[in-house]
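S.K.: This structure is in structure tokens; I'll ask about it shortly.
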Amino acid sequence: MTGPGRRLPALFQAVTGLAGRRERRGGGVLPSPNIWNWPDLYEVENRAQDPDGVLWDALRAARDWSGADVVDVGCGAGFHLPVFARSAARVVGVEPHPPLAAAARQRVRDLPAVTVHEAGAQRLPLPDAAVDLVHARTAYFFGPGCEPGLVEADRVLRPGGTLAVVDLDATRHSYGRWMRADLPRYDPLAAERFFVERGFSCQRFDVDWRFDDRRSLESVLGIEFSPEIAARAAAEVPGLSFRVGYRVHVRHKPRGPVLPNGATARDDPR
Ligand SMILES: C[S@@+](CC[C@H](N)C(=O)[O-])C[C@H]1O[C@@H](n2cnc3c(N)ncnc32)[C@H](O)[C@@H]1O
């Protein structure tokens, strides 16, 4: 195991009471130890994720952002902003952790269509009906507890706009088993139900994580899991890649009036 020794897996803090307590203290910011503590390794992780563009294809099928206005909520160091910027009219990155917001700003400094704001999902620095796509990837929208962010996403979306939440699927593949081992109280099906009950579709995808070398692979496992599980995972993976399950939750904002629970968001703008 070449990854850094660590204490609690990232998702553990996000989905347990520990995260809730810290969230209240920290003004609604969910701790993300992986990217907060090891931004360079998280960059390696982002580069390794989805080399075949499966998730990008799924997002494009849900909502093509060519010529559209996009906000990436919990954008971290802004890894995905340039991809949206290739065809979007305007891209806004929103990230509450100041060093990451600064890193995202630095990344997009030569992209005039992209701006980055230091803010959280619960209070987006955008006017009503300002964007066509709200995207969040493994950030804030983990199920119960993210209701304020859902309301806020609906507020900033134009009628017919789309909220797309990309998250890891802990029900499948070895990666899901490692997650569940670290998170015995996390119920991935309850998280999925949460979105379905609020009018989201849910699609599952198999995505490879492919690394250049063993050291990178083991280091990334080391920032995602407890030392015990990371060591077990490294021992189980023979080569330079493994498969990870993802869920993509999508909801389109109705073109007509929105009901208070948002559950009628069914019309498809495509
Ligand atoms: C696992 S990282 C993913 C970052 C980025 N989406 C990516 O894929 O590279 C989760 C991010 O969510 C951010 N975050 C934490 N609390 C948040 C909140 N309340 N609203 C929006 N983002 C939040 C964290 O600071 C962190 O940057």
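What follows draws every value from the coordinates through simple rules; no lab data is involved. All values reported here derive from a predicted model rather than from experimental measurement. Because the Cβ atoms are built from the backbone with ideal geometry, glycine has one as well, and the counts that use them run over all protein chains shown.
S.K.: Once fully extended, how much extra length lies between residue 83 and residue 123, figured as 0.36 nm per residue of separation less the alpha-carbon to alpha-carbon distance?
M.R.: Using 0.36 nm per residue and subtracting the Cα-Cα distance, I get 12.0 nm.
S.K.: Check which residues have an amide H placed less than 5 Å from residue 116's amide H, if you skip close sequence neighbours.
M.R.: Residues meeting the amide H criterion: 93.
S.K.: So how far apart, in nm, are the two label points at residue 208 and residue 111 if each is 7 Å from Cα heading toward Cβ?
M.R.: Distance between the two pseudo-spin positions: 2.5 nm.
S.K.: In whole Hz and in residue order, list the ³J(HN,Hα) couplings for the stretch 137-146 that follow from phi through the Karplus curve 6.51 cos²θ - 1.76 cosθ + 1.60, θ = phi - 60°; x for Gly and Pro.
M.R.: Values, residue by residue: 10, 6, 9, 6, 8, 9, x, x, x, 9 Hz.
S.K.: List the equivalent ellipsoid semi-axes of the stretch 10-252 in whole Å, largest first, each obtained as the square root of 5λ for an eigenvalue λ of the Cα gyration tensor.
M.R.: 27, 20, 18
S.K.: Also: Please report, in debye to the nearest 20, how large the charge dipole of the stretch 10-252 is about its Cα centre when each Lys and Arg carries +1 at its beta carbon and each Asp and Glu carries -1 there.
M.R.: It works out to roughly 360 debye.
S.K.: Can you give the FRET efficiency for residue 255 and residue 185, using 1/(1 + (r/R0)^6), R0 = 41 Å, r = Cβ-Cβ distance, to the nearest 0.05?
M.R.: Efficiency computed from Cβ-Cβ geometry: 0.55.
S.K.: 5 Å is the cut-off here: which amide hydrogens, built 1.01 Å from N in the peptide plane, fall below it relative to residue 162, excluding neighbours closer than 5 in sequence?
M.R.: For residue 162, the qualifying residues are 133, 134, 253.
S.K.: Please arrange 133, 55, 189 by counting, for each residue, the other beta carbons lying within 10 Å of its beta carbon, fewest first.
M.R.: Fewest-to-most ranking of 133, 55, 189: 189, 55, 133.
S.K.: While we're looking at this one, here's another question. Using only alpha carbon positions, build the gyration tensor of the stretch 83-226, then give the equivalent ellipsoid semi-axes as the square roots of 5 times its eigenvalues, largest first, whole angstrom.
M.R.: Gyration-tensor ellipsoid for the stretch 83-226: 28, 22, 14 Å.
S.K.: For the stretch 62-79, take each phi angle, set θ = phi - 60°, evaluate the Karplus expression 6.51 cos²θ - 1.76 cosθ + 1.60, and give the result in whole Hz per residue in order, putting x for glycine and proline.
M.R.: Coupling constants for the stretch 62-79: 6, 6, 6, 9, 4, x, 9, 9, 10, 10, 9, 8, x, 6, x, 7, x, 4 Hz.
S.K.: For 59, 163, what's the fewest-to-most ordering of other Cβ within 10 Å of each Cβ?
M.R.: Taking fewest neighbouring Cβ atoms as first place, the list is 59, 163.
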